[in-house]
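Structure record follows, encoded as structure tokens.
The values are calculated or read from the model by the stated rules, or taken from the named source; none is laboratory data. Remember, predicted model here, so these are calculated numbers, not experimental data. Reconstructed Cβ throughout: ideal geometry from the backbone, glycine too, with neighbour counts over all protein chains shown. For accessibility, only protein heavy atoms count, side chains too; no ligands or nucleic acids. Shrake-Rupley method; radii C 1.70, N 1.55, O 1.52, S 1.80 Å.
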Amino acid sequence: MSDWLFDLGNSRFKFAPLDGAAAGSAQAWAHGAEAMTAAALDALPRGDTAWVASVAAPALTATVMDLLRTRFAHVQVARTLPECAGVTIAYARPQKLGVDRFLALLAAATARRPVLVVGVGTALTIDLMDADGRHRGGRIGASPTVMREALHARAVQLPAAGGDYAEFANDTADALASGCDGAAVALVERSLRHGTDLLGAAPALLMHGGGAAPLLPLLPQAEHRPALVLDGLARWAVHQRPLGR
């Protein structure tokens, strides 16, 4: 029987087969598991072990976990560890680092190079790691999508979506897109500069998450790694799996 990987985020639900020590071809629901139809839920795979990473709300996590327990002999939930697979977490209380950030670092560490890992989902997360797998800390901010939604909530005349990036926009929708995307890009660029100063070498920029695509043209040096969390979950699974499996 097969093992499967499940990444339950705040805004996306992705899953893929465990293929050796990596994630296989991934499937995703762009609006999360709560948007999946009964037929889609019924079509979820069955197998031996489900390896799960979740940063979603507890109620949604519990619903998905209950479903997976009916389809898999074993369900294993990933947790942030102080050290794993050559990665050492900077937090004094490692369990406070989101498991999605932890798993993205596990995946990024395979290249053994300094990296800045940027996740763009509900939050904008930024983590620096050196070539030896030492996490040097990070930042959390609002993603451009959440910035737009927050502005719209306080001033309904400001559209919550739409517009195109421009360095100096000449209409409101473009100005909003430019300001919110530009704020995220500026934080990434600042983190790259200071990461270079700290490590003495420029880190590679790895980006993942459902909101990464609009920022990629503004950060041409970035490597788009949409399955980074699933790849990290695969590494975690391999290191947790009993010998002989």
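Could you give me the ³J(HN,Hα) list for segment 125-141, computed from phi with Karplus coefficients 6.51, -1.76, 1.60 and θ = phi - 60°, whole Hz, x at Gly and Pro?
In residue order, the calculated couplings are 10, 9, 9, 9, 9, 8, 5, 8, x, 8, 5, 9, x, x, 9, 9, x Hz.
What's the extension gain from S2 to A111 if we count 0.36 nm per residue and subtract their Cα-Cα distance?
Details: separation 109, 0.36 × 109 = 39.24 nm, distance 2.69 nm.
Gain on stretching S2 to A111: 36.5 nm.
If I compute solvent accessible area with a 1.4 Å probe over the protein chains, what percent of it on segment 42-182 is carbon and sulfur?
C and S atoms contribute 52 percent here.
Would you grab the residues whose amide H sits under 5 Å from the one on R136? Only those 5+ places off in sequence or on another chain, please, with H modelled 1.01 Å from N.
Distant-sequence amide H within range of R136: L128, M129, D130.
Over the chain, average the accessible area per residue using a 1.4 Å probe and give it in Å², no decimals.
Spelled out: the 1.4 Å probe surface of the chain, per residue, equals 48 Å².
Which ³J(HN,Hα) values in Hz, rounded to whole numbers, follow from the phi angles of segment 74-85 under the Karplus curve 6.51 cos²θ - 1.76 cosθ + 1.60, where θ = phi - 60° and Gly and Pro get x?
9, 10, 10, 9, 6, 10, 5, 10, x, 9, 6, 6
What full-extension length gain, to one decimal in nm, is calculated for A166 and A92 as 0.36 nm per residue of separation minus the Cα-Cα distance?
Going from the current span to full extension adds 22.6 nm.
Show the residues, 5+ positions off or on another chain, whose built amide H is closer than 5 Å to the amide H of V77.
Answer set, sorted by chain and number: V52.
Which longest uninterrupted range of the chain lacks any chymotrypsin sites (Phe, Trp or Tyr not before Pro) assigned by DSSP to a loop state (not H, G, I, E or B) and surrounded by at most 15 other Cβ atoms within 10 Å?
Excluding the exposed sites themselves, the longest stretch runs over 1-90.
Helix 228-240 versus the longest principal axis of the chain: what angle, 0 to 90°, nearest 10, using Cα atoms?
Once rounded, one gets 30 degrees.
Kindly sort V146, V52 by accessible area of their heavy atoms, largest first, with the probe set to 1.4 Å.
On the way: V146 45, V52 5 Å².
These residues rank, largest area first, as V146, V52.
Report the FRET efficiency, 1/(1 + (r/R0)^6), for A155 and Q76, where r is their Cβ-Cβ distance and R0 is 45 Å, rounded to 0.05. Present the calculation step by step, with values, prior to reporting the outcome.
Details: r = 45 Å, r/R0 = 1.00.
For A155 and Q76, the calculated efficiency is 0.50.
Ranking request for peptides 75-84, 61-70: highest mean number of other beta-carbon atoms within 10 Å first, then the rest in descending order.
Numbers: 75-84: 17.2, 61-70: 15.6.
Top to bottom by mean Cβ count within 10 Å: 75-84, 61-70.
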